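The values are calculated or read from the model by the stated rules, or taken from the named source; none is laboratory data. This structure is a prediction, so every number in the text was calculated from the model and none was measured. Backbone-built Cβ (ideal geometry, glycine too); neighbour counts: all protein chains shown. We work out accessible area using only protein heavy atoms, side chains counted, and drop any ligands, DNA or RNA first. Shrake-Rupley method; radii C 1.70, N 1.55, O 1.52, S 1.80 Å.
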Amino acid sequence: MATLRIRWHEQTSDFGQPMPWFGSWLVGDGETEGDWFHSGRGADETTHDPPQDAVGVRLRFWPSEGLDPEYIDLPLPESGVIETIALDYDHPGPFSRLDLSQL
């Protein structure tokens, strides 16, 4: 993939401000978090050149800025585009660190 384009959805946090977003690369086998590539408040579209060893991305967001962020891990899309509004944050992706055996 030459370039990754991300459309960061504008959403309001619990405090009535645009929700913060943070993006970082997943490298190697997808369990290692690499460098970060984005920090912003949504309502934006950004493009990024994935590093050679990137296999996916971790996207964090803070619906309530006083608490820990929520996140989703995704493989790099074949289309080269991620629409954050279209993602299913309630189900783990292929690189999720959640242990689902206890559910």
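So the values come out like this:
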{"item": "Residue check for Ser39: open to solvent by 30 Å² or more (accessible area, probe 1.4 Å), part of a loop (DSSP other than H, G, I, E, B), among the small types (Gly, Ala, Ser) and at pLDDT 90 or above", "result": "no"}
{"item": "Identity of the residue in segment 42-64, of a type outside the set (Asp, Glu) and open to solvent by 70 Å² or more (accessible area, probe 1.4 Å), that ends up nearest to Asp14 (Cα to Cα)", "result": "Thr47"}
{"item": "Close pairs (6 angstrom Cβ cut-off, 6 or more residues apart or separate chains): within 15 Å of Glu83 (Cβ to Cβ) in segment 1-23, assigned to a strand (DSSP E or B) and among the aliphatic types (A, V, I, L, M) anywhere", "result": "Arg5/Val81; Ile6/Ile82; Gly23/Val57; Gly23/Leu59"}
{"item": "Enumeration of residues in segment 65-103 that are surrounded by 13 or more Cβ atoms within 10 Å (Cβ to Cβ), assigned to a loop (DSSP other than H, G, I, E, B) and either among the β-branched types (Val, Ile, Thr) or at pLDDT 80 or above (or both)", "result": "Pro69, Leu76, Pro77, Gly80, Leu87"}
{"item": "Matching residues, segment 1-32, being surrounded by 15 or more Cβ atoms within 10 Å (Cβ to Cβ) and charged (D, E, K, R)", "result": "Arg7"}
